1. How big is the protein assembly as shown in terms of Cα radius of gyration and Dmax, in angstroms?
2. What dipole magnitude, in Debye to the nearest 20, does chain B give about its Cα centre under +1 on Lys/Arg Cβ and -1 on Asp/Glu Cβ?
3. If you average the C-alpha positions of segment B:252-296 and of segment A:81-132 separately, how far apart do those two centres end up, in angstrom?
4. Let me know the Kirkwood hydrodynamic radius for segment B:190-343, please, with Cα pairs as the basis and the value in Å to one decimal.
5. In segment B:237-302, what GluC sites (Glu not before Pro) fall in a loop by DSSP, with at most 12 other Cβ atoms inside 10 Å?
6. On the protein heavy atoms, probe 1.4 angstrom, tell me the percent of accessible surface of chain A carried by carbon and sulfur.
7. Dividing the convex hull volume of the alpha carbon atoms of segment A:42-86 by its residue count, what do you get in Å³ per residue?
8. For the protein assembly as shown, build the charge dipole from Cβ charges (+1 Lys, Arg; -1 Asp, Glu) around the Cα centre, then report which of A:G58, A:C83, B:G136 sits farthest towards its positive end.
Amino acid sequence: MEKSDDKNTAVTRRDVLRDSVRGACLLGAGVFGGLLARKSAGEQMVWQIDPYKCISCGHCATYCVLQESAVKCVHSYAMCGYCDLCTGFFEPEPIALTTGAENQLCPTGAIIRTFVEDPYFEFTIDEPLCIGCGKCVKGCNAFGNGSLFLQVRHDRCLNCNECSIAQACPSQAFRRVPAHQPYILKGQENNE
Amino acid sequence: MSYPPNQNSRILPVTISMLKLHLSMPPILLTGLIILAMVGATYGLERFPPPDFETGYELPSTTTPPPRALFYQYLDLAVLIAALALASWFSLKKRSRRRLFGLMVFSLIYFGFWRKGCICPIGAIQNVTLTIFDRGYVIPVTVILFFVIPLIFTLFFGRGFCAAVCPLGAIQDVVLLKPQQLPVWLEHGLGMLAYVYLGAAVLFAATGSAFIICQYDPFVAFFRRSGSLEMLVLGVSFLVIALFIGRPYCRFLCPYGVILKTLSRFSRWKISITPAECIQCRLCEDSCPFNAIEKPGAAPLPANYRQGKTTLIILLILAPAIMALSGWLGYKLSAPFSRMHPTVRLAERVHLEETGQVPDTTDASDAFRGTGRSLMSLYEDAEQIGREYSWATVLLGVFIGTVIIIKLTYLTIRRTQTSYEADRGRCLACGRCFAYCPIEKNSNEPANI
Ligand code: SF4
Ligand code: SF4
Ligand code: SF4
Ligand code: SF4
């Protein structure tokens, strides 16, 4: 290890210059860091979709850096009408109101339709199957209560410094939210 | 299509609640009714009031899996500090390439494959920039520390971060099989790219347009073992180049490397090729795959003192002109650059549609119309961003001009040097050259500080 360019023990002009610049840099880094810290938070920020801005364009399924998107459909059950003819579940012109794949909007059959009581049906998302394509969300928004919507699932999300779906999102629905409030759930905004 | 959601909600409950009663209605008729009712709102509307269940059905709750616990962020920080300390110790005191290599592999696994490359100090440049320019952005403390701590280490110990902590450096370093020396002029020329990249990254982050460092990170697709085809192609090409050209990203592109390079020139301690006195045996001459070894009396330019002085004077006279020219070029580029901002792109698109220059609409322009915002406010926003861009690109131009001048000045200053030395800025502290020095093998005592 070598302290300076000069092999002599004598302090050279270069050394003095170097020491003072280093001091200035350290001071600068300290002041800069301190100023930044005034606008900082002790916690992480994470990505989330504002469901009121999302137009379910389908990009969430394809633009995530993960092969199987970190975005999935979630359901606010309290908003749901439990309709027999769920427009998030069925094709616009279903052959029959049954769970046959040909009647379903969801390309992966990720929505589970269960009978509750006449005439109501419950719809739950089988998350491992959901690819976040938003087809059901679109259907539910267009003709239903809008209780199905897309959210970044934080058990999957890598929390990229810049979410690559956010870059592609046509409605600028992605934003950074504090990690202690990592979801924007429809119908629950007030008791977040 | 217009968006009066209240009107919407008035029609829909009537028409669609009818559907609920007539479940046997032919689907085609249903669709007809639906289309009638469709005004296309994306708002949560209570078209069907949530039912009152009689069978004691309990509403399920929406699951909300939490993000990674904060604890792990601090763990990352602790690992960063420990790795930096070890890298400094191995490179300066232990002088051990083997240990540095081990640490580098560890960092590659931890920060690369395990942490999947995020957050890293390189990308943190953008978060820091955004914090300065965007009042709404709150930066996590850990990100500030990730940005600042390697800088402080560099001011004391040189680029140990590059040597064995940075996963991007590591992935290139492990594939370096047949290092080729680049001509000095090419080395200096390509090195300028990194300044341009840094400037552009700061520009786009400051204007809130994009995080280009993250977007074009060539290796992150490997770390995540997932990514778009373009990313993979980019990554693979970098690695293929890295087989022959030592760490091309680090030397010619890395924006954080630019900062580290500059700070490392003022570091308290530096790498020395030999543990004792250089005997000018020239054995280490070609040992550095990164062209970081300065040969005695072999400064590339200029041939003699007089010539150097003349060049320097000409340079200094030309400096204002160079800066003005690059600033003007920056100004000229402000319009295309501003298209990096989504709002500017949207405004341009909407303008084209409104003036009938394009027949169809896009998702983005539909979404904009869906918000009910006025055209004027969109255009004003875009103009505001455009104005920010016009002075920001001038600054970028002036910055690049200044860097060029400083670089040329540096090349004209003759250095008197009597031994083989690692250049303070360019040396990545990888420790490869140590083994080439014959004194190293003979000396049993550890080098002294
Ligand atoms: S990219 Fe944006 S608009 Fe499209 S589905 Fe995702 S959040 Fe919704
Ligand atoms: S339609 Fe798409 S978003 Fe909805 S549940 Fe199926 S895969 Fe998920
Ligand atoms: S932050 Fe990354 S992992 Fe998460 S949703 Fe966006 S692209 Fe996918
Ligand atoms: S320690 Fe520095 S000078 Fe030596 S081989 Fe590595 S980068 Fe080159």
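1. 30.1, 99
2. On the way: 41 positive and 28 negative charges, 445 e Å.
The calculated dipole for chain B is roughly 2140 debye.
3. 65 Å
4. Working: mean 1/r = 0.0512 Å⁻¹.
Result for segment B:190-343 stands at 19.5 Å.
5. Numbers: sites: B:E277, B:E285, B:E294; in loops: B:E277, B:E285.
When the GluC sites (Glu not before Pro) of segment B:237-302 are filtered for loop state and at most 12 Cβ neighbours within 10 Å, B:E277 remain.
6. On the way: 4710 of 8310 Å².
C and S atoms contribute 57 percent here.
7. Numbers: hull volume 6.4 nm³, N = 45.
Here the figure is 142 Å³ per residue.
8. Of A:G58, A:C83, B:G136, it is B:G136.
The values are calculated or read from the model by the stated rules, or taken from the named source; none is laboratory data. Small disclaimer: the values here were computed from a predicted structure and weren't measured. No Cβ is skipped: glycine too gets one built from the backbone with ideal geometry, and neighbour counts run over all protein chains shown. Heavy atoms of the whole protein, side chains included, go into the accessibility calculation; ligands, DNA and RNA do not. Shrake-Rupley method; radii C 1.70, N 1.55, O 1.52, S 1.80 Å.
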